[in-house]
Each structure stands twice: as C-alpha cells, then as structure tokens.
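Let me begin by presenting the structure, written as structure tokens, before commenting on it.
The values are calculated or read from the model by the stated rules, or taken from the named source; none is laboratory data. Note that this is a predicted model, so its numbers are computed, not measured. Backbone-built Cβ (ideal geometry, glycine too); neighbour counts: all protein chains shown.
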Amino acid sequence: MTEPRFQVRARHTADTITVYQAYRPGIGGPAARDGRFPAEWKRDRMTWIKPSFLWMMYRCGWGLKEGQETVLAVEIRREGFEWALRHSCLSHYVPELHESQAAWQRELRRSPARVQWDPERDLRLNPLPYRSLQLGLAGEAAARYADEWIVGIEDVTPLAREVHGLVRAGELERAAELLPEERPYPLDDTMPAHLRG
C-alpha cells in the first residue's frame, strides 16, 4: 500500500506524541536527566521537532554530526502539538495555498510555528517517495514547548547507535525491529490546508 504523500506519522498515545531532536551533550544530557531543557537552551531561536525517527537519523547522521551527538525523544502533549499545527504556516511559498507571495510572507512573520515537508527516509537514509513533517517552533510556540508541553525526555542515542550498527552490518530486518512504531497521526478537517495532502 502506498503512503499518502503528506502524512504525519509518529509514535503517539491518547495524550502524547513523541518528537525527536539532537543536541550537543551539554544540552542533551541535562535535558534527558532533568526532563526539561537547561538554561543554555536558547528559547529565542527556532527549534525544529521531528516526529520521524529515521528523518532525525538522516539529519543528525545517527548522532555522529558535531553538535548533534545526543539524540532525544521528547514526549509532548498532543494538545500542544496540535496548537502548534493550528498556528503554523508553510516554510516556503506555494501558489496553490497562498493568495500571493506577500500574503505568505505576512503569514510567516506572524506564525509562531513553521511546517516543512521533507522526503521520509529508509534505514539506509535514502529518500522515500512520501514526506515527513518537520515542525519549527519560535517565539510563543518555543516557550510553550519548553515550559508546558513536555511530559518526558529520553536519551535515545544508544538506540541510534545500535540501529546504525545493524544497518552497517547489513542486518536490516533486525534494525527495523528496533525502530519506534510510528503510526499515522489523526488530523481533522479543521487543521490548516498545508497539513493535508
């Protein structure tokens, strides 16, 4: 069965959704230990959260890229995640969805969250023909994320290394068994058009 081209797939429960980020150990370590981001975490910068484990592996190079050595699974409240989606705009201009480039730029300036759809990745980190959500949080959204939405933070760097080792050894079936189970995340018709595809 082919996947819809645009679909949020994630590990989720009735109340929470898990997203991934990668940081240098000085931020990632204390965040996992304390269940919240340390003071050095910059809330005035855009922070990108990714519901796809393999897209995060692609972005951080299995936790081997400099400054992204600690991979975090951040469990957040679904109500927070959906608030961000409802207050988001696309990170790029799409003529079919925006009245004009100027209208999109106005929306971009006032939206605290940005949506980007990037090719999902397979275990070898090759692009797949369907897209994975990246959600950028800034301003009010970043502050709410850090202060209100987080339920727990887990350091999943050991998992990243284990899966990577199996992939390198050509043991893709065993590697696939270790992946977090990501299911379609339900989005209703009240969500912005750029989330439905």
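Quick look at the numbers
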item	result
Entirely in segment 60-136, the strands (runs of 3 or more DSSP E) that have 1 or more residues that are in contact with a strand residue (DSSP E or B) (Cβ under 6 Å, 6 or more places away or on another chain) and at pLDDT below 95	88-90, 113-121
Segment 24-36 residues that are without any contact (Cβ under 8 Å) to a residue 24 or more places away in the chain, paired with ones that are acidic (Asp, Glu) (beta carbon under 9 Å, 6 or more apart)	GLY26/GLU40; PRO30/GLU40; ARG33/ASP155
Output for segment 1-46, where each listed residue is closer than 16 Å to GLU82 by Cα, polar (S, T, N, Q) and buried (at least 17 other Cβ atoms within 10 Å of the Cβ)	GLN7, THR16, THR18
Of residues in segment 26-59 being aliphatic (A, V, I, L, M) and at pLDDT below 95, the one nearest to the chain's Cα centre (by Cα)	MET46
All positions within segment 117-149 that are surrounded by fewer than 20 Cβ atoms within 10 Å (Cβ to Cβ), among the hydrophobic types (A, V, I, L, M, F, W, C) and within 18 Å of PRO38 (Cα to Cα)	ALA138, ALA143, ALA146
Flag if GLU96 is farther than 30 Å from VAL163 by Cα and surrounded by fewer than 17 Cβ atoms within 10 Å (Cβ to Cβ)	yes
